[in-house]
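Peer 1: One structure is given below, represented as structure tokens, and several questions about it will come after.
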Amino acid sequence: MTLGVLAALGMVFTMFAGFWTDWLWYRSVNYSSVFTTTLWTKIGLFFVFGLLMALAVGFNIWLAHRLRPPLSAMSMEQQNLDRYRMSIAPYKKWLLLGITALVGLIAGASASGQWRTWLMWVNGVAFGQKDPQFKLDVSFYAFDLPWYRFLLGFGFAAAILSVIAAALTHYLYGGLRVTSPGARATAAATGHLSVLIGIFVALKAVAYWLDRYGLAVKSSDFRATDNWTGLRYVDANAYLPAKTILFCIAVICALLFFATIWRRTWQLPVIGFGLMVLSAILIGGLYPAIVQKFQVQPNEQAKEAPYVEKNLEATRKAYGIDGTKVTDYSGTSKTEDKTTLRDDVGSTASIRIMDPNIVSPTFQQLQQIRNYYAFPNNLDVDRYAKDGKEQDTVIGLRELNLAGIPKKNWINNHFRYTHGYGVVAAQGTSADAQGRPNFTESDLPSEGDLGTYEQRVYYGEKTTTYSIVGGPQKEIDYSDDNGEKTTSYKGDSGVNLSNPVNRAAYAVAFGEPQILYSGAIGEGSRILYNRTPKERVEAVAPWLTIDGDAYPAVVNNRIQWIVDAYTTTNGYPYSSRTTLGDTTADSLTAANDNRAVVAQQNQVNYIRNSVKATVDAYTGEVKLYQWDTKDPVLKTWMKAFPDTVEPKGDISKDLMDHLRYPQDLFKVQRELLTRYHVRDATTFLSGSEVWQVPDDPTNRSGNAVPPYYLSMRMPDQKAQSFSLTTTFTPNGRDNLSAFMAVDAEAGTSDYGKIRILKLPTNTTVNGPKQVQSQFNSQEEIAESIRLLRGGDSEVEYGNLLTVPLDGGLLYVEPVYVRGGGLKYPLLRKVLVTYGGQTAFENTLDEALNKIFGTEGQAPEPPDEGDTTTPPPTSDNPTVQQALEDAQKAFDAGQEALKENDWEAYGRAQKDLEDALQRAEDAQAQTGRGGAGGGESKPSSSPSGSPSPKPSS
């Protein structure tokens with residue numbers, strides 16, 4: 001008895017611990033209203049629908065027992081069941097309660113899972129758009145129809161269970177007979193069961209009526225596209241009238257079943273039911289097939305065109321691509337003198353040669369500092385201003401890496417090593433002489449262009465375990481030359497463990513008994529968990545779909561994780577569906593687990609980036625900001641969860657500067673635009689203009705090329721803007737069909753504007769795969785690649801960027817080398833192609849100079865107001881010797897590069913810098929002693945060519 005009581009108490013406390021810890025967590029993040037609203041909605045649905053199901057089944061069992069025939073009238077078959085009746089007689093009340101409780105629990109549990117459907121129905125906001133067939137507001141399909149279908153399904157389940165329960169009871173007590181001669185059912189049993197079946201048929205009539213509206217959101221395979229949604233010709237002209245006719249037949253059939261109460265015969269109801277089944281086969285199945293075969297197929301384009309136009313319009317609106325601007329683009333430059341285009345490259349794009357998906361190991365090697373820090377596999381691209389000018393920046397956080405701590409134990413894992421430290425950032429458009437990133441924020445503690453900010457990272461993408469902070473146990477802050485620094489968490493995040501009930505609850509919930517009795521936990525101790533940005537936003541807004549890539553930014557002197565979130569629905573009439581998990585997958589998500597795909601594999605046909613969320617890396621504070629102020633789905637959820645989403649006007653300017661267009665939404669839109677860039681139904685049906693997203697040519701994964709962030713200027717823009725770009729190829733071919741870019745710079749008037757440059761179909765312009773093949777097939781480049789791969793070195797191709805330039809397309813691809821004893825990739829070469837010309841040089845400038853024919857050109861004459869002296873001559877022996885040394889160092893560097901000797905190359909670059917500095921100092925001294933008094937810096941090498949620059 002004692003053991004039984006203890007076991008029961010243990011089970012109860014385990015259930016309590018889960019509930020209590022959830023409540024404490026939501027309260028700690030100030031979103032307790034989300035917890036309570038969700039909880040009470042689930043409880044309400046559980047009890048209401050559980051009780052309804054229990055009453056329905058229980059009442060019909062009771063009624064069947066009440067209508068049992070007298071014992072004397074029972075047949076021999078029923079008398080044989082006496083022993084069963086006798087055995088359950090003493091327990092029939094308990095048996096009745098048990099059966100009704102069981103079906104009630106199952107029904108209640110199922111209904112509680114519909115809390116989203118209920119909240120959307122009761123709080124639904126009108127879209128202000130009507131479907132073209134029934135002229136109903138879109139909200140009917142998005143919010144109302146799902147709830148009606150749930151009610152209908154619940155009604156069917158209740159009717160079927162009631163029929164089964166009543167029939168069994170009637171059989172047990174003699175109302176129904178199977179083997180006995182004479183009547184198979186008593187009049188009471190006949191009336192009872194006929195009413196229940198009549199209710200079932202009446203519900204079927206309601207289902208037929210709802211099916212009429214369901215045609216507007218029905219998916220089907222259509223030869224123009226998979227997951228086609230909406231009515232086609234056969235739906236509007238065959239299925240729709242068929243459903244109406246079947247509705248009328250079902251109503252009549254239901255009335256015939258109800259009439260059995262008075263007629264006491266099954267004859268008419270059975271005939272009616274048979275007629276309904278036959279009608280469903282002939283009218284609902286055969287007739288539409290005949291219409292499709294003999295009316296639609298002989299002239300499909302003419303019949304389907306009006307419905308295709310409705311689908312085109314609805315799909316473009318639902319995915320936010322209706323404003324896409326498609327412009328014809330020649331794909332070839334008309335400028336004969338390409339040297340005039342060299343200067344245009346800089347104004348057209350800030351070409352990023354630091355690939356955030358390649359250089360993470362370089363960040364790790366050069367900036368990890370301690371083994372218990374780590375960077376994500378994929379870094380992020382953001383914009384930061386320097387000297388008043390924005391520049392693309394590759395950024396990552398130095399997060400906690402428990403795998404690298406010196407000694408693993410419970411105290412170290414959860415009390416001592418609790419947080420990461422600092423931001424590391426580098427220029428996206430340049431590298432140093434050794435091919436390493438030009439860091440703009442580095443070292444430990446981090447220093448650089450980002451100024452002063454709270455550097456401790458308690459919440460991050462790699463922080464997946466709990467930590468207990470703020471108590472008697474000190475935490476390791478960071479280490480420097482003077483040893484380890486310690487700290488104690490000062491934030492108010494997490495749940496306080498001073499309360500013994502809380503400690504016991506977490507000990508049970510986490511399966512860690514030491515939480516209950518450890519001396520390392522005391523006054524002020526707080527437990528931090530759910531620490532990834534995605535987890536925290538999903539928890540406080542379970543009605544949102546979260547983008548797969550959260551990114552960090554320094555905002556108002558704090559590190560903030562920025563998370564894009566979406567509202568979706570599957571009920572937008574006529575809009576074709578897509579599967580988020582499949583559409584947002586690409587070569588990066590396939591190769592890296594930490595860069596999550598939008599996890600849901602559910603299908604949607606409407607999506608909006610309606611919320612921008614932030615998670616403070618130190619306090620874990622979550623804020624949700626309304627981004628799309630017109631989205632009716634977001635407005636519906638804001639009614640359901642008031643005061644959880646802050647208005648768009650509360651977004652600070654500093655935060656606005658770092659918001660960007662989200663990648664997952666862009667990937668969904670580009671997938672839809674492979675077909676829905678056309679506006680004409682005939683072209684859509686022909687399939688002649690179908691595009692595809694090309695596979696990533698820089699690897700052999702066979703997955704789609706990822707979109708790239710890039711500051712660039714499209715032909716109709718006056719200045720560069722931060723953009724998200726991609727390319728398209730024709731379906732089944734590798735040449736280029738189109739280039740797509742969306743203005744990703746939040747806070748600007750063009751934010752979210754999609755531009756597509758459509759290439760002509762009568763000429764061939766190389767696509768990404770062909771450009772990559774061209775790179776690899778040129779003999780000179782192939783030989784250089786072979787040399788770079790010498791020894792144990794590996795060559796890694798960076799992002800293949802595409803930039804529209806003067807009617808043509810400029811492709812740029814950085815090439816990294818990992819090897820020669822190094823464990824991290826360094827930028828060694830840059831591939832560039834334009835107008836059929838290809839260059840493979842050490843720096844981007846050199847490659848562009850070669851492509852546009854500006855190599856070795858004399859420098860432009862100085863302006864009239866230029867006070868610098870001419871380049872140094874041999875009159876000064878010190879300058880002459882320094883320049884000779886510079887030339888020797890340059891030649892040695894080139895020779896080392898050919899031999900793949902990176903150590904010698906580094907020494908040569910250092911000698912080159914020293915020689916140039918000596919020449920500059922000597923010339924400056926000469927200038928100060930001469931008549932001009934001006935200072936100059938050597939601008940050319942002894943050979944007369946432009947002096948080699950240590951950075952690209």
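All of the numbers you see were taken from the coordinates with simple rules; none came from a lab. Quick caveat: nothing in here was measured; it's all calculated off a predicted structure. Here the Cβ positions follow ideal geometry from the backbone for every residue, glycine too, while neighbour counts run over all protein chains shown.
Peer 1: Determine, from the Cβ-Cβ distance of N731 and D492 and an R0 of 51 Å, the FRET efficiency 1/(1 + (r/R0)^6), rounded to the nearest 0.05.
Peer 2: Details: r = 56 Å, r/R0 = 1.09.
With R0 = 51 Å, the Cβ-Cβ based efficiency is 0.40.
Peer 1: Out of residues 5 or more away from E646 or on other chains, whose amide H comes under 5 Å of its own, with H placed 1.01 Å from N in the peptide plane?
Peer 2: L624, Y625, Q626
Peer 1: Now a separate question. Which whole number of Å³ per residue matches the convex hull of the alpha-carbon atoms in region 203-257?
Peer 2: 65
Peer 1: So, one more: Give me the percent relative contact order of region 272-398, please, defined on Cα pairs under 8 angstrom at least 6 residues apart. Mind dumping the intermediate values first?
Peer 2: Details: 60 pairs, mean separation 17.0, N = 127.
Relative CO of region 272-398 lands at 13 percent.
Peer 1: Same structure, new question: How many percent of all Cα-Cα pairs in region 376-415 sit more than 14 Å apart?
Peer 2: Cα-Cα pairs of region 376-415 separated by over 14 Å account for 63 percent.
Peer 1: State, as an integer percentage, the relative contact order of the chain based on alpha-carbon contacts under 8 Å between residues 6 or more apart.
Peer 2: 11
Peer 1: Let me ask something else. Relative contact order, percent, of region 217-303 when contacts are C-alpha pairs under 8 Å separated by at least 6 residues?
Peer 2: Contact order relative to length: 29 percent.
Peer 1: From zero up to wherever the largest Cα-Cα distance of region 691-778 sits, split into 5 Å bins and tell me the percent of pairs in each.
Peer 2: 3, 14, 21, 21, 18, 14, 7, 2, 0
Peer 1: Can you pull the Kirkwood radius for region 541-692, inverse mean 1/r over Cα pairs, to one decimal in Å?
Peer 2: 17.0
Peer 1: Charges only on Cβ, +1 for Lys and Arg, -1 for Asp and Glu: so what's the dipole of region 464-531 about the Cα centre, in debye to the nearest 20?
Peer 2: 300
Peer 1: What distance in nm lies between label points placed 7 Å from Cα along the C-beta direction at L3 and V501?
Peer 2: It works out to 3.1 nm between the two label points.
Peer 1: Right, something else. When a footprinting reagent is the concern and you count Cβ atoms within 10 Å, what order do H419, H658, H65, H414 take, fewest first?
Peer 2: H65, H658, H414, H419
Peer 1: Still on this structure, please answer the following. Determine the alpha carbon to alpha carbon distance for each of K334/K753; K462/K823; K218/K243 and list only those over 24 Å.
Peer 2: Long pairs (Cα-Cα over 24 Å): K334/K753.
Peer 1: Quick check on the exposure proxy: order L516, L119 from fewest to most C-beta atoms within 10 angstrom. Before the final figure, lay out each step's value.
Peer 2: Working: L516 15, L119 21.
Listed from fewest to most nearby Cβ atoms, that is L516, L119.
Peer 1: On to the next question. Percent antiparallel among DSSP beta bridges with both residues in the chain, to the nearest 5?
Peer 2: Expressed as a percentage, antiparallel bridges in the chain total about 95.
Peer 1: List every residue whose amide H lies under 5 Å from the amide H of Y478, counting only residues 5 or more places away in sequence or on a different chain, with H placed 1.01 Å from N in the peptide plane.
Peer 2: Here the answer is K485, since their amide H atoms fall under 5 Å of that of Y478.
Peer 1: Put one equal scatterer on each alpha carbon of region 464-531, apply the Debye formula with no solvent term, and list log10 I(q)/I(0) at q = 0.18, 0.24 1/Å to two decimals.
Peer 2: -0.68, -1.05
Peer 1: Still on this structure, I have one more. Summing +1 for each Lys or Arg and -1 for each Asp or Glu, what net charge is found among the other residues whose Cβ lies under 12 Å from the Cβ of F156? Spell out each step's value before the answer.
Peer 2: Numbers: positive: R149, K204; negative: none.
Charge balance in the 12 Å sphere: +2.
Peer 1: Span-like helices, the chain: DSSP H, alpha-carbon axial extent 24 Å or more, mean Kyte-Doolittle 0.0 or greater, which ones?
Peer 2: Details: long enough: 2-28 (37 Å, 0.93); 32-66 (49 Å, 1.23); 92-112 (29 Å, 1.30); 145-172 (40 Å, 1.43); 187-214 (40 Å, 1.04); 240-263 (35 Å, 1.90); 300-318 (26 Å, -1.35); 877-898 (32 Å, -0.68); 902-929 (41 Å, -1.36).
Passing helices, by number: 2-28, 32-66, 92-112, 145-172, 187-214, 240-263.
Peer 1: To continue, here is another question. Mind pulling the per residue volume of the convex hull built on the Cα atoms of region 207-318? Å³ is fine.
Peer 2: 96
Peer 1: Between V326 and T244, what is the FRET efficiency for a Förster distance of 45 Å, r being their Cβ-Cβ separation, to the nearest 0.05?
Peer 2: The computed FRET efficiency comes out at 0.65.
Peer 1: Can I ask one more? Could you list W561, W62, W118 in order of exposure, starting from the residue whose Cβ has the fewest other Cβ atoms within 10 Å?
Peer 2: Final ranking by Cβ density, sparse to dense: W62, W118, W561.
Peer 1: Using 0.36 nm times the number of residues separating V277 and D643, minus their current alpha carbon distance, what extension gain do you get?
Peer 2: Separation in residues times 0.36 nm, less the Cα-Cα distance, equals 126.6 nm.
Peer 1: Now, a different point. Which whole number in µm²/s is D for the chain by Stokes-Einstein, with the Kirkwood Rh taken over Cα pairs at 20 °C and 1.002 mPa s?
Peer 2: 64
Peer 1: Right, another one. Can you compute the FRET efficiency between E336 and A302 using 1/(1 + (r/R0)^6), with r the Cβ-Cβ distance and R0 = 51 Å? Round to the nearest 0.05.
Peer 2: 0.55
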